[in-house]
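The structure appears below as C-alpha cells.
What follows is calculated from the coordinates using simple rules that are stated; it is not laboratory data. Predicted, not measured: the structure shown is a model, and the values here were computed from it. Heads up, the Cβs are rebuilt from the backbone with ideal geometry, glycines too, and the neighbour counts pull from every protein chain shown.
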Amino acid sequence: MRLSFSAIYKYSRMIILVGGFSLAGAVVMALPMGERQVAHFEKEALSCAKEVFQAHGSFHGENYIVELANHMIRGIQIRQATISFSNLNVAGLRQFTAGDFDFDQLKQNASIEVEASIDANAFQTLISREIARVSAGRRIFNNVQFVFAPGQVSVSGEIDLKKVPGNPFVFMPQQMSPFAATVSVKTEGSQILLEIYDGEMNNQPLTPELQKMLLDWLNPLWDFSALPYDAALSYLEINQGGIKARGRLF
C-alpha cells in the first residue's frame, strides 16, 4: 500500500464512499489504477455496503434509502450520509440485510447514489490511522496534519523522498524531510487530480522540478474510467468543517 497525498483525498477512505461507497475510499490506494486497485475498491465497496445494510432504511417509491448521522462505516466517522439504492426489490433487500451477497450481486441488483460528509477531525483521525498501519521502513509520510479551508487543505508533516518514484537523488542518504503545502483537487473528465498552490520542503520553497516530480507521482488521485462499470463523483466540496461529496456506482 502506498500512502501519499492521495491520502489527502482518496481513502475522503477520497473521500468518499466514492462513486458509491468509500468515504475515504478512493485516499490510500496507489495509482495508476490497475487490476489490484480496482479489486481493492470493489472489496471496500462491498464491505461498506454490508455495513450500510445493517442500518435502518426504508422504501421511498422505487428507491430503498438509508440515512446515516454520526455513524461509523469501515471505521470512518460519517457526519451525514444518504445512500439510495434503486432496482432493489423486497426479496433482494432481505438477502442484502442478511449480508449474503458478493460484489457481482450488488452490481446486478442495485444502482447506488451516495451523498455524504465527513468532519475534518474524522478525516485527520482516518489518515493518522492509515499512516500508522504502514511499517516504519515502508512509510513515506509521517506526522501528517491537515487544516481545512474553503476549496483547499493545508498539509504539513514529514516525507521520505527516497521512497518517491522519480527522485533523481535516491542514491544519496536521505532522512524524513519536513514539508508544508497548500493543496486542492480538481476534476478533468473521469480523473480527479491534485494541485499544489504553494509548498516548502526542508524550510525551502518547493522547486518547480520537485513539485512536478510529486505531482507526477500522485496524479491522478482517482480515475473512474479504470472501473469496468459506471461510477462517478459528481460533487465535491472542501470547507473548514471537512468534506462533502456526492457520487454514484453502477
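I'd like the Kirkwood hydrodynamic radius of the stretch 121-224, using the inverse of the mean 1/r over distinct C-alpha pairs, in Å.
Evaluated on the stretch 121-224, it is 14.7 Å.
Order the peptides 115-121, 180-186 from the highest to the lowest mean number of other Cβ atoms within 10 Å of their residues.
By packing density, highest mean first, the sequence is 115-121, 180-186.
Check each of the chymotrypsin sites (Phe, Trp or Tyr not before Pro) in the stretch 203-247 and keep only those in coil by DSSP with at most 14 other C-beta atoms within 10 angstrom; list them in order.
On the way: sites: TRP217, TRP222, PHE224, TYR229, TYR235; in loops: TYR229.
The qualifying sites are TYR229.
Can you put HIS60, HIS71 in order of Cβ neighbours within 10 angstrom, beginning with the fewest?
HIS60, HIS71
What net charge is computed for the residues neighbouring PHE179, neighbours being all others with C-beta under 11 Å from the C-beta of PHE179, Lys and Arg scored +1, Asp and Glu -1?
Counting the neighbours of PHE179, the net charge comes to -3.
Under a straight-distance cross-link criterion of Cα-Cα below 19 Å, which lysines are reachable from LYS107, leaving out those fewer than 8 residues away in the same chain?
Hits, sequence-local ones excluded: LYS43, LYS50.
Just report the Cα centroid separation between the stretch 82-156 and the stretch 196-246, whole Å.
Here the answer is 17 Å between Cα centres.
Summing +1 for each Lys or Arg and -1 for each Asp or Glu, what net charge is found among the other residues whose Cβ lies under 11 Å from the Cβ of GLN211?
Cβ neighbours under 11 Å give a net charge of -4.
From largest to smallest, what semi-axes in whole angstrom does the stretch 175-232 give when each is the square root of 5 times an eigenvalue of its alpha carbon gyration tensor?
28, 11, 9
Please compute the net charge surrounding HIS60, taking Lys and Arg as +1 and Asp and Glu as -1 over other residues with Cβ under 14 Å from its Cβ.
Taking every Cβ under 14 Å from that of HIS60, the sum is -3.
Quick check: from the Cα gyration tensor, does the stretch 90-134 come out rounded (a/c under 1.5), prolate or oblate?
Details: a/c = 3.24, a/b = 2.19, b/c = 1.48.
Prolate, because a/c is 1.5 or more and a/b exceeds b/c.
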